[in-house]
Amino acid sequence: MKQLPLEGIRIVAVEQYGAGPYGSMFLADLGAEVIKIENPAIGGDVSRQTGPFFLGDNDSYFFQTFNLNKKSLTLDLKKPEGRAVFEKLVASADAVTNNLRGDQPDKLGLTYQALQHINPKIVCGHLSAYGRDNDRKSWPGYDYLMQAEAGLMSLTGEPGQPPARFGVSMVDFMTGAVASLGLTAALLGAYRTGQGRDVDVSLFDVALHQLSYPATWYLNQGHITERVARSAHPATVPCQLYKTADGFIFLMAMTDKFWQVLVGILQDEVLLQPRFATVAKRREHRDALTLEMDRVLSQKTTADWLNTLKGHIPCAPVLDLPQALQNPYIRDIGMVRTVPHPEKADMQILGCPIKVDGQRMAGKAAGAMGVNSVSILSELGYSSAEIEDLKSASVI
């Protein structure tokens with residue numbers, strides 16, 4: 001079998017909770033050896049204690065969600081002996097990544113400036129709330145705050161209702177993915193030039209970047225994008241929820257070509273009127289078109305319409321969480337995988353969305369805090385007696 005793309009790459013991750021671990025898990029899935037540094041004084045990654053569902057002592061389903069395929073090394077970086085271990089690890093590594101508050105990497109010596117004398121090729125990735133180079137660098141921050149300040153909440157939900165956040169922490173996940181992209185690019189550069197560097201990504205910057213084309217419209221034309229009823233697209237019609245006999249269907253005839261296919265299938269004279277003939281006209285008559293689409297689509301169930309439209313018109317049912325996870329399609333494509341865990345042999349986890357050579361990567365459950373400490377320290381040259389001394393001093 002071919003090696004995975006990142007096999008042979010060693011990444012030291014000073015991380016916890018969501019954004020950082022989410023991003024580094026992709027690197028671990030793709031074959032990198034990701035060594036997760038966990039502070040023994042606080043019980044390791046705080047997400048090990050994030051409930052309400054747990055797998056034995058100091059292990060949660062939340063933690064497992066973001067830490068598959070990683071190793072765990074307990075280490076107190078603030079103690080001199082801990083720093084010495086860390087520097088030996090850096091000498092053997094390709095990258096160091098963290099998701100600490102913006103003022104912490106300098107204080108803990110996790111930057112390229114602090115580590116280049118140990119390893120000139122080391123790449124240092126920094127994921128923080130607001131960055132390391134501005135007057136907010138010492139501010140703590142979380143996903144929901146970014147959704148609020150970056151304008152994303154103002155665009156989410158129904159008109160006339162309070163601003164709403166996404167149902168999950170999408171800013172965390174996007175930032176983790178972007179951080180891993182930046183780290184991988186820097187690793188390629190280091191292999192080419194022999195020179196490492198710092199790579200910075202912040203929650204706020206990524207959240208703001210997700211404003212995408214509404215931001216471009218406003219910055220250049222002063223246009224204010226607002227929420228549209230039924231989760232509709234602000235410019236393209238039809239692209240929204242429509243009523244069926246038993247619920248809703250999300251239908252997206254984003255081009256005139258798809259519109260012609262749709263009206264050909266629906267065979268309704270009103271929908272063939274000139275006022276609905278082009279994207280611009282449909283946008284102008286959005287409300288009238290919604291009424292007519294509801295009238296036509298309400299004649300059959302969502303399942304009936306999906307059976308008729310699938311493969312011809314972009315469309316989807318609106319499923320709740322249980323329905324989404326019980327959808328046979330996600331099992332067929334391997335997006336749910338069983339990952340054995342000491343406390344639950346059939347633990348199920350969502351599959352990696354990246355395929356390599358047509359295959360999804362296999363998953364390995366995250367281990368107990370410090371499960372790899374002895375083996376990693378032995379590899380670095382520490383004797384059994386020295387390891388016991390580090391344990392006694394609560395360094396590991």
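The values are calculated or read from the model by the stated rules, or taken from the named source; none is laboratory data. Model, not experiment: these values are computed from the prediction. Here the Cβ is made from the backbone with ideal geometry for all residues, glycine too, and neighbour counts use every protein chain on show. Note: areas computed on protein heavy atoms with side chains; ligands, DNA, RNA excluded. Shrake-Rupley method; radii C 1.70, N 1.55, O 1.52, S 1.80 Å.
Some observations on this one:
- Filter result for Q3 (out of contact with any strand residue (DSSP E or B) (no Cβ under 9 Å at 6 or more places or on another chain), open to solvent by 30 Å² or more (accessible area, probe 1.4 Å), polar (S, T, N, Q) and under 30 Å from V356 (Cα atoms)): yes
- Members of the stretch 320-361 found to be touching a helix residue (DSSP H, G or I) at 6+ places or on another chain (Cβ under 9 Å) and without any contact (Cβ under 8 Å) to a residue 12 or more places away in the chain, listed by number: A324, I330
- Any hit, the stretch 89-100, residues being modelled with pLDDT of 95 or more and either over 25 Å from L187 (Cβ atoms) or basic (K, R) (or both): no
- Flag for V34 being of a type in the set (A, V, I, L, M), under 16 Å from A368 (Cα atoms), more than 16 Å from the chain's Cα centre (by Cα) and open to solvent by 40 Å² or more (accessible area, probe 1.4 Å): no
- The one condition in (1) out of contact with any Lys or Arg (no Cβ under 6 Å at 6 or more places or on another chain); (2) part of a helix (DSSP H, G or I) that F63 fails to fulfil: (1)
- Qualifying residue in the stretch 124-144 (condition: open to solvent by 20 Å² or more (accessible area, probe 1.4 Å), in contact with a strand residue (DSSP E or B) (Cβ under 6 Å, 6 or more places away or on another chain) and not charged (D, E, K, R)): yes
- In the stretch 229-275, the residues that are among the charged types (D, E, K, R) and closer than 19 Å to A288 by Cβ: R230, K243, D256, D268, E269, R275
- Scan of the stretch 263-277 for residues that are crowded, with 17+ Cβ neighbours inside 10 Å and within 15 Å of T236 (Cα to Cα), ordered by number: F276
- Pair list, Cβ under 6 Å, 6 or more apart: the stretch 236-250 residue under 17 Å from V279 (Cβ atoms), other residue part of a strand (DSSP E or B) and open to solvent by 30 Å² or more (accessible area, probe 1.4 Å): C239/M252
- Residues of the stretch 37-60 that turn out to be in contact with a Leu (Cβ under 8 Å, 6 or more places away or on another chain) and without any contact (Cβ under 8 Å) to a residue 40 or more places away in the chain, as a count: 1
- Exactly one residue out of L110, L145 is under 30 Å from C352 (Cα atoms), of a type outside the set (D, E) and over 20 Å from the mean Cα position of the chain (by Cα), and it is L110.
- F250 vs. criteria open to solvent by 40 Å² or more (accessible area, probe 1.4 Å), assigned to a strand (DSSP E or B) and closer than 29 Å to Q210 by Cβ: yes
- Residue that is part of a loop (DSSP other than H, G, I, E, B), open to solvent by less than 40 Å² (accessible area, probe 1.4 Å) and aliphatic (A, V, I, L, M), where the choices are I349, I313: I313
- Residue under evaluation I330, criteria (1) over 25 Å from L55 (Cβ atoms); (2) not acidic (D, E); (3) not in a loop (DSSP other than H, G, I, E, B), criterion not met: (1)
- The residue that is most open to solvent (accessible area, probe 1.4 Å), counting only those in the stretch 7-31 that are closer than 15 Å to A177 by Cβ and part of a loop (DSSP other than H, G, I, E, B), is L30.
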